[in-house]
1. Given the criteria open to solvent by 20 Å² or more (accessible area, probe 1.4 Å), among the small types (G, A, S) and on the phi > 0 side of the Ramachandran plot, does G32 qualify?
2. Quick check, is L76 assigned to a strand (DSSP E or B) and either in contact with a Phe, Trp or Tyr (Cβ under 6 Å, 6 or more places away or on another chain) or in contact (Cβ under 8 Å) with a residue 12 or more places away in the chain (or both)?
3. Could you identify the single residue in V24, V53, V15, V73 that is buried (at least 16 other Cβ atoms within 10 Å of the Cβ) and touching an Asp or Glu at 6+ places or on another chain (Cβ under 8 Å)?
4. Taking V78 as meeting all but one of (1) open to solvent by less than 80 Å² (accessible area, probe 1.4 Å); (2) touching a Gly at 6+ places or on another chain (Cβ under 8 Å), write down the number of the exception.
5. Could you say which residue among V91, V48 is β-branched (V, I, T) and open to solvent by 40 Å² or more (accessible area, probe 1.4 Å)?
6. What are the residues in region 56-70 that are part of a strand (DSSP E or B) and either open to solvent by 80 Å² or more (accessible area, probe 1.4 Å) or in contact with a Gly (Cβ under 6 Å, 6 or more places away or on another chain) (or both), if any?
7. Any residue that is under 17 Å from H5 (Cα atoms), part of a loop (DSSP other than H, G, I, E, B), free of Cβ contacts under 8 Å to residues at least 60 places away in the same chain and hydrophobic (A, V, I, L, M, F, W, C) - is there at least one of those in region 36-47?
8. What pairs come out if I take residues in region 5-24 that are at positive phi and pair them with residues that are of a type in the set (D, E) whose C-beta lies under 8 Å away, six or more apart or interchain?
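The values are calculated or read from the model by the stated rules, or taken from the named source; none is laboratory data. The structure presented is a predicted model; accordingly, all values stated were derived computationally and were not measured. Cβ coordinates were reconstructed from backbone atoms using ideal geometry, including for glycine residues, and neighbour counts include every protein chain displayed. The area values use the complete protein model at the heavy-atom level, side chains included, leaving out ligands, DNA and RNA. Shrake-Rupley method; radii C 1.70, N 1.55, O 1.52, S 1.80 Å.
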Amino acid sequence: MAALHLEAADFKQEVLESKGKVLVDFFATWCGPCRMLSPIIDQLADEVADVKVCKVDIDKAEALAAEYGVEVVPTLIVFENGEVVKSASGVMPKPVILDMLK
């Protein structure tokens, strides 16, 4: 399943009201490291069946990014049953992201 591109209006339903784990990639289209991380996020969306994978463009959802303290992009936040359980910033290899999802 492909990563869901979320607008601020979709965030509550797709992330906060989801049962189980959700990985959210806060990114910007102008961000080089974000473009490097994007294929890895897309792979995870296809390979990890028990985690919903979403992307949020911080330029289209500035208030949402601010609410979750996103100061650097890319920032990955793992939610479980609507609660933040882990977060990390910067480009990271796939095994590190998989470890975050455990």
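1. No.
2. yes
3. V53
4. All conditions are met except number (2).
5. Result: V91 is the single residue among V91, V48 that is β-branched (V, I, T) and open to solvent by 40 Å² or more (accessible area, probe 1.4 Å).
6. Within region 56-70, the subset part of a strand (DSSP E or B) is 56-57.
Answer for region 56-70, where residues must be part of a strand (DSSP E or B) and either open to solvent by 80 Å² or more (accessible area, probe 1.4 Å) or in contact with a Gly (Cβ under 6 Å, 6 or more places away or on another chain) (or both): there is none.
7. no
8. G20/D50; G20/E80
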